[in-house]
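The values are calculated or read from the model by the stated rules, or taken from the named source; none is laboratory data. Predicted model, so just to flag it, every value in this text is computed and none were measured. FYI the Cβ positions are ideal-geometry reconstructions off the backbone, even for glycines, and counts take in every protein chain you see.
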Amino acid sequence: MCTYLTEKIRIDGAAKGASGWFTVTDGMVYVDHPYHACQEHTVNIDLTNPAEGPSARVAIELTEEAALALVEAIHKALAAAPPGLASGTRRSLPA
Amino acid sequence: MTDAMWAGTVAVTGHEGAELEAYAARPLGSGPHGGVVVIHHLPGYDEATKEIVRRFAAHGYAAICPNLYSREGAGVSPDDQAAAARAKGGVPDEQLVGDVAGAAAYLKGLEHANGKIGVIGYCSGGRQTFLAACSLRIDAAVDCYGAFVVTAPPAESPLKAEPLISRAGDLSCPLLGLFGADDRFPSPDEVAVLSAELDELGKEHEFHVFPDAGHGFFSVDRPAYRPAAAVEGWKKVFGFFGRHLAA
């Protein structure tokens, strides 16, 4: 089965895809059949920049456990850094 | 009698004159051959779908699968095209009908065509097969686990598909439906509702719900593959097309 539920978010960052680095602007997270992973269902994450065309995409297909471990790792990494260090608002501050 | 075939990428004219990439396969024997339009699943125009096209050619049909996501750009890989199309809510129904009509016209224009056209589709292509069969004059249709014919997609879904059951009166040909008992989209209840509606309308149809099979049981490259259902399903498909697409 597919849940057909898709979480769409705005993203600010960069990713490396099939044709090199690009700025990512959008993200989608959904539980569905994977394209490549050998699982019936995976947590699928697309990081994209629709303005640069469909090839500006990094696709990730994770098991539920792997997706939750990734979320936890992100939280831990952020918690270990001073608050705001990686914030998008810092880019406009003087170095 | 020869079992040799030709297979490769061709261009067809789809909805509103758009040029579509398509994968075609046909027997090299002199025919006559019935034609089969294959509608790919939601994940797109992939290797496994091309294999299905060749399977029809091996059984004596001229077959073609148009890349419904061709408009996402030439040279873009099929999985990226599929992701972009999914994000846009899928393929609009009107566009699908035009694209299938273009693929059918390609088949009818082939030397040795017998003029008969069948359509088969998987997953989202199952629903689109039903749509094509209610919109175009064709000779046989096979819906493999197409969801959202009876009910609308969940509200959170990016897919903009509308239910089609109100169109059932326009069904132009016999319909074979192949479904999995463990599928939720469509559920066996939805399959039963569609079957009852077609009974009521006096529309020729034959539905099979396979046990121990869910969505995508024909997909040989995915864990959803269920050999028992797929082997039996293929027998039903070739029996059905054999009856309805013969010259």
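Looking only at the stretch B:1-46, count every residue that is touching a His at 6+ places or on another chain (Cβ under 8 Å), part of a strand (DSSP E or B) and charged (D, E, K, R) and tell me the total.
Matching residues across the stretch B:1-46 total 1.
Run B:T49 past the list (1) more than 27 Å from A:E61 (Cβ to Cβ); (2) under 13 Å from the mean Cα position of the chain (by Cα) and report the number of the one that doesn't hold.
(1)
Report the residue count in the stretch A:1-26 for those that are modelled with pLDDT under 95 and either touching a Lys or Arg at 6+ places or on another chain (Cβ under 8 Å) or within 12 Å of chain B (Cβ to nearest Cβ) (or both).
So the count comes out to 11.
Give me the residue from the stretch A:35-62 that is within 14 Å of chain B (Cβ to nearest Cβ) and among the aliphatic types (A, V, I, L, M) and, out of that set, nearest to B:S157 (Cα to Cα).
Applying the first criterion (within 14 Å of chain B (Cβ to nearest Cβ)) to the stretch A:35-62 yields A:35-42, A:44-61.
Adding the requirement that they be among the aliphatic types (A, V, I, L, M) leaves A:37, A:45, A:47, A:51, A:56, A:58-60.
Details: A:A37: 22, A:I45: 15, A:L47: 18, A:A51: 22, A:A56: 23, A:V58: 21, A:A59: 19, A:I60: 19 Å.
The qualifying residue nearest to B:S157 (Cα to Cα) is A:I45.
Among (1) under 22 Å from B:S70 (Cα atoms); (2) surrounded by fewer than 17 Cβ atoms within 10 Å (Cβ to Cβ), which single condition is A:A56 missing?
Among (1) under 22 Å from B:S70 (Cα atoms); (2) surrounded by fewer than 17 Cβ atoms within 10 Å (Cβ to Cβ), the lone unmet condition for A:A56 is (2).
If A:E65 passes every condition in (1) more than 8 Å from every other protein chain (Cβ to nearest Cβ); (2) over 14 Å from A:T6 (Cβ atoms); (3) in contact with a strand residue (DSSP E or B) (Cβ under 9 Å, 6 or more places away or on another chain) but one, which one does it miss?
(3)
Condition first: out of contact with any strand residue (DSSP E or B) (no Cβ under 7 Å at 6 or more places or on another chain) and either at negative phi or among the polar types (S, T, N, Q) (or both). Now tell me which residues in the stretch B:120-144 satisfy that. Talk me through it step by step, then tell me what you get.
Of all residues in the stretch B:120-144, those out of contact with any strand residue (DSSP E or B) (no Cβ under 7 Å at 6 or more places or on another chain) come to B:123-124, B:127, B:131, B:134-137.
If the condition is that a residue be out of contact with any strand residue (DSSP E or B) (no Cβ under 7 Å at 6 or more places or on another chain) and either at negative phi or among the polar types (S, T, N, Q) (or both), then B:S124, B:R127, B:L131, B:C134, B:S135, B:L136, B:R137 are the ones that fit.
Which of the residues spanning the stretch B:177-207 are loosely packed, with under 14 Cβ neighbours inside 10 Å and touching a helix residue (DSSP H, G or I) at 6+ places or on another chain (Cβ under 6 Å)?
Answer for the stretch B:177-207, where residues must be loosely packed, with under 14 Cβ neighbours inside 10 Å and touching a helix residue (DSSP H, G or I) at 6+ places or on another chain (Cβ under 6 Å): just B:L201.
Given the conditions (1) over 11 Å from the mean Cα position of the chain (by Cα); (2) facing another protein chain (nearest Cβ under 8 Å); (3) buried (at least 17 other Cβ atoms within 10 Å of the Cβ); (4) within 30 Å of B:R226 (Cα to Cα), and given that A:D32 satisfies all but one, which numbered condition is not satisfied?
That leaves (2) as the condition not met.
Pick out the one residue from B:A133, B:A141 that is in a helix (DSSP H, G or I), of a type in the set (A, V, I, L, M) and in contact with a Cys (Cβ under 6 Å, 6 or more places away or on another chain). Full working, then the answer.
Working: B:A141 fails: in a helix (DSSP H, G or I).
It is B:A133.
Among (1) more than 14 Å from chain A (Cβ to nearest Cβ); (2) closer than 19 Å to B:F241 by Cβ, where does B:H40 come up short?
Among (1) more than 14 Å from chain A (Cβ to nearest Cβ); (2) closer than 19 Å to B:F241 by Cβ, the lone unmet condition for B:H40 is (1).
With (1) buried (at least 24 other Cβ atoms within 10 Å of the Cβ); (2) outside any helix (DSSP H, G or I) as the list, and B:D99 as the residue in question, which single condition is left unmet?
For B:D99, the exception is condition (2).
Considering each of B:P27, B:P78 in turn, give the residue that is modelled with pLDDT of 95 or more and surrounded by 17 or more Cβ atoms within 10 Å (Cβ to Cβ).
Working: B:P78 fails: modelled with pLDDT of 95 or more.
Only one candidate passes the filter, namely B:P27.
Can you name the number of the only condition in (1) aliphatic (A, V, I, L, M); (2) surrounded by 21 or more Cβ atoms within 10 Å (Cβ to Cβ); (3) modelled with pLDDT under 95 that B:A155 fails?
It fails just one condition, (2).
Tell me, which residue of the stretch B:47-75 that is surrounded by fewer than 20 Cβ atoms within 10 Å (Cβ to Cβ) and part of a loop (DSSP other than H, G, I, E, B) is nearest to the other protein chains (Cβ to nearest Cβ)?
Per the criteria, the residue is B:G73.
Could you grab me the full set of residues in the stretch B:107-119 that are in contact with a strand residue (DSSP E or B) (Cβ under 9 Å, 6 or more places away or on another chain) and over 21 Å from B:P92 (Cβ atoms)?
Selection gives B:L107, B:K108, B:L110, B:H112, B:A113, B:N114, B:G115, B:K116, B:I117, B:G118.
With the requirement that a residue be hydrophobic (A, V, I, L, M, F, W, C) and buried (at least 17 other Cβ atoms within 10 Å of the Cβ), what does the stretch A:61-81 give you? Give the derivation first.
Here is the first cut: in the stretch A:61-81, the residues hydrophobic (A, V, I, L, M, F, W, C) are A:62, A:66-71, A:73-74, A:77-81.
Once the filter is applied, which keeps residues that are hydrophobic (A, V, I, L, M, F, W, C) and buried (at least 17 other Cβ atoms within 10 Å of the Cβ), the stretch A:61-81 yields A:L62, A:A67.
Look through B:P223, B:P227 and report the one residue that is within 14 Å of chain A (Cβ to nearest Cβ), free of Cβ contacts under 8 Å to residues at least 24 places away in the same chain and under 25 Å from B:G44 (Cα atoms).
Working: B:P227 fails: within 14 Å of chain A (Cβ to nearest Cβ).
On inspection, the qualifying residue turns out to be B:P223.
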